[in-house]
Structures are given as structure tokens and as C-alpha cells.
Amino acid sequence: MKFIDRVAHVRSHWRGLQLPGMVRRQVHVMRTLARWTASFPPMRRAITTCMQLFRRGLAVAGPQLDDWLITANLQPAYVPLRERPLPKSLPARLITFYLPQFHRIPENDAWWGDGFTEWTNVRRAQPQFVGHDQPHEPGELGYYDLLEPAVLRRQVELAKLYGIGGFCFYFYWFNGKRLLEKPLEHYLQERALDLPFCLCWANENWTRTWDGKECEVLIAQRHSAEDDLAFIRHVAGYLRDARYLRVDGKPLLLVYRPGVLPDPAATARRWRDWCRQTGIGEIFLAYTQSFERANPKTYGFDAAVEFPPNNPTQPLVAQEVTPLSADFAGAVYDWRSYLKASYDYPAPGYPLFRGVCPRWDNTPRRGGRGTVLINHTPQGYEKWLANAIAETRARISQPDQRLIFVNAWNEWAEGAYLEPDRRYGYAWLEATRNALLADAVGKLLVVSHDAHPHGAQFLALGMVRGLRRDLHLDVEVVLLGPGKLKPEFAALAPVHDLTGWHAGHPEMQRWAERLAQRGYRRAIVNSTVSGWIIPIFHAAGIESICLVHELPGLIRDYGLEPQAIQIAQDAHAVVFPSPVVAEGFARYATVNPAKIVIRPQGLYRRNRWRWRQPAARDQLRKRLQLLPDAKVVLAVGYGDRRKGADLFVECALSVLASRDDVEFVWVGHWESGIRQEIDTRLHDHPQRRHIHFVGFDADTALYHAASDVYALTSREDPFPNVVLESFDAGVPVVAFAGTGGAAHLLEDTGGIVVPALDCLAFAEAILRLLDVPETLKQLGLAGQQLLDSRFAFRPYLFDLCALLGIALPRVSVIVPNYNYANFLKERLNSIFDQSLPIYELIILDDASTDSSLRTITEWLSAAGIEAVLRVNSTNSGSVFGQWQHGVQMAGGGFVWIAEADDSCDADFLATVLPPLVARAAVLSYCDSRQINAKGRVMSPHYQKYLSVVSCERWRQPYVASGEEEIREALAVMNTIPNVSGVVFRREVLAEVFTRYSNEIAAFPRAGDWVTYFRILQHGSIAYSPRAANCHRRHRQGVIAGSARPDIVLEISRVQALISGSVDISEEISAKAAGYLAGLEK
């Protein structure tokens, strides 16, 4: 419950409302429980009951408050284009209906006049009543012609930028005659148009009244059995396209009005049969509820699609408008009534996709007899869409079935469009993106005191990058001062530049309140210098944690005592990198012990040269014109007295008195006073040529990887990141004692600590390391292993988020590999493409003899991904031993063993993780597609294999007790075909390996089966039929060739092990015997 209570932000329709804390907490709990557990029937029933009780209490208050918010801004401002990247994880797929009638065709020229397109109606529109917003004028796309390829390209770019998941093209077919198909044909041919799409057959008559009825028919439908087959043959070319939208793996085909078909169920049968026979397979049929609301089964269809504003149940409100002409006879509805209804959606009773309409006004087509929805706003549309998303997530368990349809992308003559216009700009698209982000796992502010290129600022930059890229959070940056790094911050996230602002600035508090209203109610404030903003955030309802890096001398010298007091009073938590920093801070402010967190920062930027250090050494020596075998002692940082630039020179001179093959390199800006001092010290000195102050260089990775020793000569440094960077490169560090957290760390491993400010002892330590290469290597390796185990950056970010109530599930991914170089890139990409973030990546190479190691290191270097790589010097001979080794290394609460030759969909974790998070299971898995070595699908699932046990059990999601699963499934055969499709609760898996490692090792081919059996003795199992995993089947399977007798014997032994541990029925015993007999044959 603690996780559920803290995992998500309040949905967008609660933003800005001063609801009681208890109500906000109930929103968190009920909505989140529904989202995570909807796929499991027993839990779903309980959650549904709770949701119904909860809605009774807020069904009135919520919409009433939103009425005020909406009507308070009936004239939305122009919203410019904002190219903000969306997170990978979106709560639903938004499909927008797409009208292709924006190019000339001969039929329209004949019926409506030369040159007619949809723009003809749009241009001639006139306001019909006071305040009527007509005509509408397009924005950046202009009065486009869809025969121009650039138009479709830009439409796709805009759709993707704002989170649209696909276009649903209206398709016009009249007994073999096609109209307006050219844009769709171009879409099919142009592979660069990579937005998914589907078709909706507009199967009604075309009439002069634009209503599809029988009066003044321009072109009529002639439905027949022959036409059914001709239609499906024609659209098959679209259904086969890789970009075509699929639901549960089936191409999605919509019909606008199934009720006008002579026998819609017969039509559906013909289409399904034809598709099965021609290799398309199963199709998913849906209809729009434009004129009817029947159960889709009535028509032989799979689902219905809401189609607002058609089929209105809302009352007319024509009396609320003042017509401009006595002839006005239009129908006027209040758009807000649709929004109100979205707060309490009725249970549909059949598969239904929600529909949302941003606005509606078809007077451009029908003049004074049109239908108009008034009181629509982008804010209201955002709330309606957010409600539809929330309800969809709670009701539909499978991510690929969470579709929501928006009417429409470009119905300009009906006033239903998301495309930019000249009056409001991108307001409707921005509202679409906001609604998608409203249900994001979290929104965060990261505050940096300025953007100068120094350690704390680089840490802030790394946090922004990691929170967005790796944790998929919605982050905005607050810069309290200027600096060169501002463009780098802006490239990652929106930036609020408060340079020149201060606590008393007249706009400061209102600015913070606006952030809170937008959902940014959590902040990471980096450094004591930034502490003055924390009380302002606190007053605005923004919860802050503060990362304190400064030691007492810096706090005193920069006069930061007031900020320290403000941090102690108003921060939710104060994070110190080491006890010594916390003790120093306590001299100036008393922090409640419950708020104090000691958490060393992780390394925010991994060294891309880590796996290519010989090349790095060669490149740096050539750049600095050094001898190829020269030893390099490095220091990085701002060259001032605190960092010990003067001490660096003294140590260098002492070393150079003994050896002339050592080069001392300092990377960083200078403080002018210390520079003059050093220039004087080195003037005409014979060793000056061996001491290099190269100035600032943002690319310090090369220097770290190419060095032999790192010299931390700081007089005071709380926990310098350069130490971790040296560890990453396997370079040992020498430091002065008592200067900060790094010195304490080095006392344990990774370097040498000498007496404070003793330059002679410092030089002797450097010489000892250079004189004994084995010690140098051992200390470097120890530092590298310490970094991997204790100072990874992604776990650091997870911990910071947890302090702010964003408790993300922690999934450790273990990739065991042996000679799978050909598949590794696909495997690793599939892991990092997950819609849910992973906690850590552990790659275990079991002494591969192919190019695996090179493939892994090249991928890690190119991707800049943080990972732990362990390489065995000799092959272990046991894949299960590798599993156990990985579990021992794992730090997450959940373990995913992602075998190196397999792959998966981006929603794999989203499919299998929910029951584990809800503590409903200790093992959760999904079905798998079977693929061959080339990635071709051999089978879309494992249902045939599993039919030995049951033809029905694995067709629906379920949660079952471990005992039941063992007795009814695992007692027969290994019903979990591929470990890559499984996520485990780590502590249970670890206990099983501890207790049963010898037993598992005794089954070299069926050890996975034994592992599942032992795990399920500790708890329940969860299953999803969604085949989100890809199991690669190689030409030589385990039950083949000369190994067959051994594996058959092993299977019989596992069956005996299980039957000897639990009571199984005669029916199951017979199935087990039959399965074994089948294998023996």
C-alpha cells in the first residue's frame, strides 16, 4: 500500500484544485490500484467496488469545480509550437480520425463545382450567432493539398511530437469504386511516414446533405456478399503493412455504420475467413457508435468505438446563444456535458474504446442548420482526454488494447481538428500532450544554482538526463543563475531561467504556484547555494529535497548560513554525500534527524573509453605531444586554492625530481590569483615542461581513461565526482586525509590516503604506484568494482525519487551470454526500449569465443548506458550458475533474466510487472512469440505447446496459487517455455538458489523447470496471454538429435521430483505420462 499511495501524481483534472489531503490520497490509491491490477479478476472486482464507492463521493464536486476552471478561460491564448520530447511510456494509444478530402477529385468537381475540397466549405464559413468562432483558418500547414508529399510528412511529425499513436483514415469504397484514396496510397508507399495507421470504411451513401441518408444521393453503396470479398481483397494490402495498427496482434479494421450492411455478422465472417485463408490471420473488427450503440457481438465484431458528438444524450441549449439571423435553426449543445459524463463513465458491458472530441461545429458544411457545441476549451478537452485515459487504464489490462479515438485530426469543416490554426496555434495539440503526461509516473523540477561548467552543475545536468532518458520522468529545469551549460540543459528539458531573480522578486511566488498547478509538486534542489528557493516552493505546495555538497569552509566563505537554515526548516529531506559533510553542515543549521539522508552521489556520466583504454592512452599522448610510454598524473577541476592547484604543482615537482617520464595534467578553468602564484613558482623551472594546465575541456572522459594516477590535491572537497570518474576508468586515486568524503572512501579501497597537506608523502604515494604496476592495477580494479556496486547513477536517481514519493519498481536485468554476438544488439536495445524504466543492467559473459565482448563494449560505449559487465576467464558450463551469480549481484526488488539471444516488445515489463508490484505473485510471465535465428516469427504464441496440459488455461490472464500451478501444470511439463518472458521477486529467487542450487545444477537442461517449481512453493504465479516476449528457437533444439535420450530422462526425473513433493490427480498423472511418451517417440 505504501508503494500504491506514493507511486503516481494526481491526474490532470485535479490539478489546481485545493482538495483535502485525504481526498488527494484516495485519488492516488484508488486510481493506481485500478491501473496496476486491472488484468487480474479477483483483484479487479475488489478494486471496482472501491472505485464505485469512491466516485459517489466526488462525482458532483469534481465536475462542478472543473466547470469553473473551464468557463474562466473561454478564450484560450495562442500556444506556440513546443518541441518537447515525450517519455517512452504513454498511458494509452491515441488514434485520430483522419479525413482525406483535401485534394481535388473529378467527382467532387462535378458534384460541388470546379476545384472543390474540404477547404471550400471552411473558407466560406460565417458566424451564426454572437460569439460564434467562425471561420477557422489553418496555421502552419495552410490550406494544404494532400497530394503534396511534404504535407503528410509534416502531419506525421506533428502527430508524433504531441503523442498521437496513429491515424485512422476514412476509407471510401462504393462497390469497387474508390474515392479520395491517393493520400492513403502515398502513405502506403512512403516508408518514411512511420506513424501507425488503420482504416475506417465510411460505408454510407454520399449525399448533398452530408448525412449519409437516402435523400439526394450522390453515390450510393451497393452491399453484397461479392462486394464484401472484393472490399477485403482490396484493403488486404493495407492490413499487411508493418505500420498497420494491431490489437492483440490482429490488424484493426473499423466500419463506420455496420447497421446499413444487409447482414453485418455474415460480412464479418466472410472477412475473417478470407483473412485466415490468405495468411493475414485473425483480424480485429470494430465499429464507430455514430448511429448505434449495440453490443459489437450483434454484428460479429470485436469492439465498439465511441464517436462523440454523434448519438448525443445531452439536452439542447440553443436558448443560450443569440442568432445573427432569424433563419438560424441549428442544434446547439453544451460541450461541457461530455466532459461531465467522463467523470463517471458507465461500465460498457462489452469491449469499447473511448472516444473524445475536442470541439464540433459543422456549420461550414450546413450553414444555419448545422450542429454546434459551445463552451469548449483546450483545458476542458485536456481533462476529458485525461479522464478517458484514466478509465481506459483501469478497465483494460493489456497495454496494446488501450486505444482512445479522437474525433478528429483534421475535420476542419466540422470544427473537429487538432491541427494548428491561426487563432489558437497548437493549443489542442498541447492539450493532447498534457493529457498523456497527466498520468505519468512523476513530474519533477531540478534546480541548479547556475549553469557554469563545474561539478555540482554537471551533476544537475546528469540528473536531468537520467531522470528523463532512463527513468522516463517529466522534468523541468530551474536555473538560478547564468552559465555556459544552459543550452545543454535546454536540449534535455524545458528551462526556467531565473537569473537576476531573488526571494523577494514580485513574480517569484506566483511563478512557483503556477508550477504546482501544472503538476510540478516535487523538486530536487542541488547545492546549499540554491537553498533560498526551498521556502518559496514550500509555500506553493512543492516538496523539495536538497542535495548538500558544501563543506563548512565554503558555507562560511560564501555566506551561505541563511540558506542552510532555510534548507533545514523547509526541505522534505536533506541528502549529504558523506557523514563529514553532514557534520559540517550542522555547525550552521540543525536538521531534524528524520530528514537526514547519507547517500553518496552516483557517477552521472560513464566513461565511453572504459572499454577502449589503450586507444584513449594513445590519443591523449598524441594530443598533448607526449612520449607514447609517458606516465600521466591527472587532476580535474576549477584551479583555485580550495582545489589545491598549488599543492598539485608542489607534488609534481617532488615526483619529477625522481622520474622524468611522468607528465602532470590539470584540466579546468583557472582562478586568476592562484595562476599568477603558480606561474611565478614555475618560472624558468627545468621541470615546467612536464606540468600541463590545458584549460577547460568538457570531454574529461578521455583524460581519465588515459591516465595512470589521479591526484586529488583538494584542501576541502565534500565528495568530488572526479574520484568516481577515476574509478570508472580503473585509475587509482591519491588524496590528502581529512579533506572530505573521498578521503574516507579511499581509506577502504581504490587508492592511497596520505597525511593532510603533506606534499612529500603525496609524491611518494604516486611513485609507489608507478613503480609497482601490479598494485596500480589492483587498486584500479578494486575502485572500478566499488563504483559498479555502490555508486551507479541510476540507483542514485531511484533513491532520490523515492525520497519524493515516486517509488518506482526496481527491476534488475540480468543478461547471461555465451556466443550470441549476432543477437546482442537487438537484445540490449529491447531492454532499453522498455516503457518502464529498469533499475540496473548486469551483463554476464561466460567466456564467449565469438565477438560477443566486442559487441557488448561497442554498444555500451555508443549508447552511453550504465551497466555492469562481468566476463568469465573460462566457461562455467552452467547457465543456471550464471543466473545465480547475477541474482547475487542484483540490487533490485525484481529480477528479469533476459537471455542474450531473445528479444521483446517495449511493453514487456508493463505487461508482467503489475502483479508483482501489487504483491499478488512471486513470479509473473507472459506468452512468447517463437522466432528463428533471422527474427522471423515461427509461431505467434505457445498455445499449441501448452495444449498438452490445457487448451483454455493460457488463453486468459490469471493469478493462481503456486500450489495450484504446480499440481495442474508444472507436474506435467515445463509450462513456462522461456525464462526471458518471466520476472521474479528477487528475494524469493535468491532464497531458492541458496537452498536448491545443487538440485538445480543436477538438471543441466531442465534446471529452469526445477527453479520455477521451487519458487512457486513460496507464492502465487501471474500470467498474461499477451505475447510480449520473443523466444528465439535455434535450428538444434534441446529435444533433438543425440541429446534426446538425456533430456527425456531429465524430464522424467523432474516429473518424479514434483509428484513426490505434491499430491497430483490421476488426470494430471496421465497427462504427464502421455507427454513423456510423446517425447520418447
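The values are calculated or read from the model by the stated rules, or taken from the named source; none is laboratory data. Just so we're clear, the structure is a prediction, and the values are computed from it rather than from any experiment. Reconstructed Cβ throughout: ideal geometry from the backbone, glycine too, with neighbour counts over all protein chains shown.
Do we find that residue 893 is within 26 Å of the chain's Cα centre (by Cα), modelled with pLDDT of 95 or more and surrounded by fewer than 21 Cβ atoms within 10 Å (Cβ to Cβ) in this structure?
yes
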Worksheet item: Is there any pair with a first residue in region 1018-1029 that is closer than 12 Å to residue 966 by Cβ and a second that is part of a strand (DSSP E or B) whose Cβ atoms are under 7 Å apart and which are 6 or more apart or on different chains, and what are they?
Response: 1020/959; 1020/960; 1021/923; 1021/960
Practice prompt. Evaluate region 697-708: report whether one residue or more is more than 21 Å from residue 454 (Cα to Cα), modelled with pLDDT of 95 or more and part of a strand (DSSP E or B).
Written response: no
Worksheet item: Is it the case that residue 647 is crowded, with 19+ Cβ neighbours inside 10 Å and either touching a Pro at 6+ places or on another chain (Cβ under 6 Å) or assigned to a helix (DSSP H, G or I) (or both)?
Response: yes
Worksheet item: So is residue 675 modelled with pLDDT under 95 and in a loop (DSSP other than H, G, I, E, B) or not?
Response: no
Worksheet item: In region 235-255, which residues are under 25 Å from the mean Cα position of the chain (by Cα) and among the small types (Gly, Ala, Ser)?
Response: 242, 249
Response to the item:
Given the conditions (1) part of a helix (DSSP H, G or I); (2) more than 27 Å from residue 617 (Cα to Cα); (3) without any contact (Cβ under 8 Å) to a residue 60 or more places away in the chain, every one holds for residue 748 apart from (1)
Worksheet item: Just to be sure, is residue 1015 under 36 Å from the mean Cα position of the chain (by Cα) and more than 28 Å from residue 396 (Cβ to Cβ)?
Response: yes
Worksheet item: Only one of (1) touching a residue at least 60 places away in the same chain (Cβ under 8 Å); (2) crowded, with 17+ Cβ neighbours inside 10 Å; (3) over 18 Å from residue 865 (Cβ atoms) is not met by residue 757, so which one is it?
Response: (2)
Fill in: Scope region 1048-1076; condition part of a helix (DSSP H, G or I) and among the small types (Gly, Ala, Ser); matching residues
1052, 1056, 1059, 1069, 1070, 1072, 1073, 1074
Worksheet item: Would you call residue 878 closer than 24 Å to residue 781 by Cβ and over 19 Å from the mean Cα position of the chain (by Cα)?
Response: no
Practice prompt. Out of the residues in region 970-996 that are over 27 Å from residue 830 (Cβ atoms) and under 35 Å from the mean Cα position of the chain (by Cα), state the one that is surrounded by the fewest Cβ atoms within 10 Å (Cβ to Cβ).
Written response: 994
Worksheet item: What number of residues in region 936-980 are under 19 Å from residue 281 (Cβ atoms) and either in a strand (DSSP E or B) or in the same structural domain as residue 249 (by TED's automatic domain parsing) (or both)?
Response: 3
Worksheet item: Given 583, 550, which one is in a helix (DSSP H, G or I) and modelled with pLDDT under 95?
Response: 583
Worksheet item: Across region 771-808, which residue is surrounded by the fewest Cβ atoms within 10 Å (Cβ to Cβ) among those that are assigned to a loop (DSSP other than H, G, I, E, B) and not aliphatic (A, V, I, L, M)?
Response: 805
Worksheet item: Of the numbered conditions (1) touching a residue at least 60 places away in the same chain (Cβ under 8 Å); (2) in contact with an Asp or Glu (Cβ under 9 Å, 6 or more places away or on another chain); (3) of a type in the set (Ser, Thr, Tyr), residue 143 satisfies every one except a single condition; which is it?
Response: (1)
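Inside region 558-571, can you point out the residues that are assigned to a loop (DSSP other than H, G, I, E, B) and crowded, with 18+ Cβ neighbours inside 10 Å?
Hits for region 558-571 are 560, 571.
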Worksheet item: Is there any pair with a first residue in region 271-292 that is assigned by TED's automatic domain parsing to the domain that holds residue 404 and part of a strand (DSSP E or B) and a second that is of a type outside the set (Val, Ile, Thr) and surrounded by fewer than 16 Cβ atoms within 10 Å (Cβ to Cβ) whose Cβ atoms are under 6 Å apart and which are 6 or more apart or on different chains, and what are they?
Response: 289/311
Worksheet item: Which one of these is assigned to a helix (DSSP H, G or I) and under 30 Å from residue 858 (Cβ atoms): 626, 620?
Response: 620
Item to complete: Six or more apart or on different chains, Cβ under 8 Å: which pairs go from a residue in region 961-981 that's acidic (Asp, Glu) to one that's assigned to a helix (DSSP H, G or I)? Could you list them?
Response: 968/953; 968/1068
Discussion item. Pairs please, first residue from region 842-861 and over 15 Å from residue 876 (Cβ atoms), second anywhere and outside any helix (DSSP H, G or I) and of a type in the set (Lys, Arg), Cβ atoms under 6 Å, 6+ apart in sequence or on different chains.
Written reply: 861/608
Worksheet, complete the sentence: When region 293-308 is checked residue by residue, the ones that are crowded, with 20+ Cβ neighbours inside 10 Å and part of a helix (DSSP H, G or I) are 296, 299
Worksheet item: Can you find a residue in region 661-679 that is aromatic (Phe, Trp, Tyr) and within 43 Å of the chain's Cα centre (by Cα)?
Response: yes
